[in-house]
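Note sheet for the following structure.
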Amino acid sequence: MELGVFSVCMPEYGLDDTVSLLKAIGYDAVEWRVAEIPEKIPDDIPYDRRYWVWNESTVDVKRIGELAPRLRRMCDDAGLSITGFDTYLTSDRIPEIVPVLEAAKAAGVRMVRLFADRYAYDSEKTYNDIFSHTRENIRTIESLAAEYGVKIVFEIHHDSIATSASAVMRLVDGFDPERIGVIVDPGNMVYEGYENYRKVLQVLGPYVAHVHVKNAIMAEDGRDRFGARRWKRVWTPLWDGQADLPRFIHELKATGYDGTISLEDFCNDMDTPEKLRAGLGYIRRLWAEA
């Protein structure tokens with residue numbers, strides 16, 4: 001088992017500085033955020049939105065072919081493996097997916113994340129329509145994954161059609177687990193899709209390709225016009241949220257998992273270096289005592 005960081009949680013660090021900091025702290029791997037980069041810094045970025053609005057630890061998806069060799073050299077020199085290229089591309093964006101797969105092959109990156117299609121109360125299409133469309137796209141994606149020698153993974157994620165282990169298993173069932181896999185994320189399942197962790201790992205079986213670790217709570221947010229209590233989503237330090245990470249790590253280790261665990265911590269209680277150091281120590285302790 002190796003410990004890494006998904007660079008999304010290092011928004012104020014450029015690519016070189018991300019590698020330097022992870023090496024200095026003692027991580028084994030980096031998982032790169034791959035996304036479009038705004039042409040200029042937006043005005044008045046809310047502090048808790050900086051991860052997504054202006055994130056400097058991001059590989060420009062439009063330049064990934066050009067940047068891939070540089071990323072490989074930087075990480076090799078620092079002794080870091082590259083766990084994956086994590087995009088926000090959905091399964092229907094094949095012309096944009098192919099260059100990422102080419103870059104992954106060139107950089108020796110073994111995984112590429114695609115985003116399961118969004119689904120929320122304001123979704124215009126039905127769940128069944130989105131699900132069927134995505135399953136058809138995965139047939140093409142599976143062939144591309146084999147062609148480029150990578151594994152394409154979908155993350156268990158709230159507000160999507162893959163909010164739980166049972167839901168994402170319906171999506172990937174029958175495809176080759178060497179080419180199509182799942183990122184398990186107990187923090188996301190606080191917001192939507194919680195299932196018993198042992199059940200999660202048993203349901204997914206060979207499709208468990210990678211793990212993200214973060215934590216969250218549903219916090220009180222006043223009352224609505226009917227007097228019912230309202231709740232809002234809040235990211236927390238790893239040890240303060242509703243996801244039972246000691247139990248999750250125990251169950252994960254019991255399966256014989258030997259892949260990467262990536263920290264994806266969106267809490268705003270500590271600065272980035274402190275958060276990364278604390279996360280490394282906490283996950284190591286949970287793994288050692290599991």
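Derivation of every value follows stated rules applied to the coordinates shown; laboratory data play no part. Just so it is clear, the model here is predicted, and its values are computed rather than measured. Note that each Cβ is placed from the backbone with ideal geometry, even for glycine, and that neighbours are counted across all protein chains shown.
Whole Å is fine, so just give me how far the alpha carbon centre of the stretch 132-171 lies from that of the stretch 204-235.
Their Cα centres are 23 Å away from one another.
By counting other Cβ atoms within 10 Å of each Cβ, how are 143, 81, 7 ranked from fewest to most?
143, 81, 7
What residues have an amide H closer than 5 Å to that of residue 5, excluding those fewer than 5 places away on the same chain, when H is modeled at 1.01 Å from N in the peptide plane?
Here the answer is 29, 30, 31, 263, since their amide H atoms fall under 5 Å of that of residue 5.
Got the relative contact order for the stretch 17-176 handy, in percent, Cα pairs under 8 Å and 6 or more residues apart? Could the numbers behind the result be given before it?
On the way: 225 pairs, mean separation 32.6, N = 160.
Normalised by residue count, the contact order of the stretch 17-176 is 20 percent.
Taking Cα pairs under 8 Å and at least six residues apart, what relative contact order does the stretch 165-290 come out at, in percent?
Relative contact order here is 23 percent.
So what's the net charge close to residue 275: Lys and Arg +1, Asp and Glu -1, counting the other residues with Cβ under 10 Å from its Cβ?
Around residue 275, the charge tally is -3.
For residue 274, project a label point 7 Å along Cα to C-beta. Then give me every residue of the stretch 35-51 with its amide nitrogen under 18 Å of that point.
47-48
Restricting to bridges with both residues inside the chain, how much of the DSSP beta-bridge set is antiparallel, in percent to the nearest 5? Display every interim value, and only then the final one.
On the way: 8 of 40 bridges.
Within the chain, antiparallel bridges account for around 20 percent of the total.
So for the pair residue 94, residue 255, with labels modelled 7 Å out along Cα→Cβ, what separation do we get in nm?
3.1 nm
Based on the Cα gyration tensor of the stretch 2-289, what are the three equivalent ellipsoid semi-axes, each the root of five times an eigenvalue, rounded to whole Å and given largest first?
After diagonalising the Cα gyration tensor, the semi-axes are 26, 24, 21 Å.
May I ask you to derive the relative contact order of the chain, considering only C-alpha pairs under 8 Å and at least 6 residues apart, and to give it as an integer percent?
So the answer I get is 17 percent.
Please report how many Lys pairs in the stretch 2-289 have alpha carbons closer than 18 angstrom, counting only residues at least 8 apart along the chain or sitting on separate chains.
Counting lysine pairs in the stretch 2-289 gives 8.
List the residues, sorted by chain then number, that are 5 or more residues from residue 151 or on another chain and whose placed amide H is less than 5 Å from its amide H.
111, 112
Of the residues 23, 232, 62, which exhibits the maximal mean-square fluctuation in a Gaussian network model of the chain defined by a 10 Å Cα contact cut-off?
Highest fluctuation of the listed residues: 232.
Using only Cα atoms, what Kirkwood radius does the stretch 167-229 have, in angstroms?
13.7 Å
Counting only the backbone N, which residues of the stretch 177-199 are under 16 Å from the spot 7 Å out from the Cα of residue 247 toward its beta-carbon?
185-199
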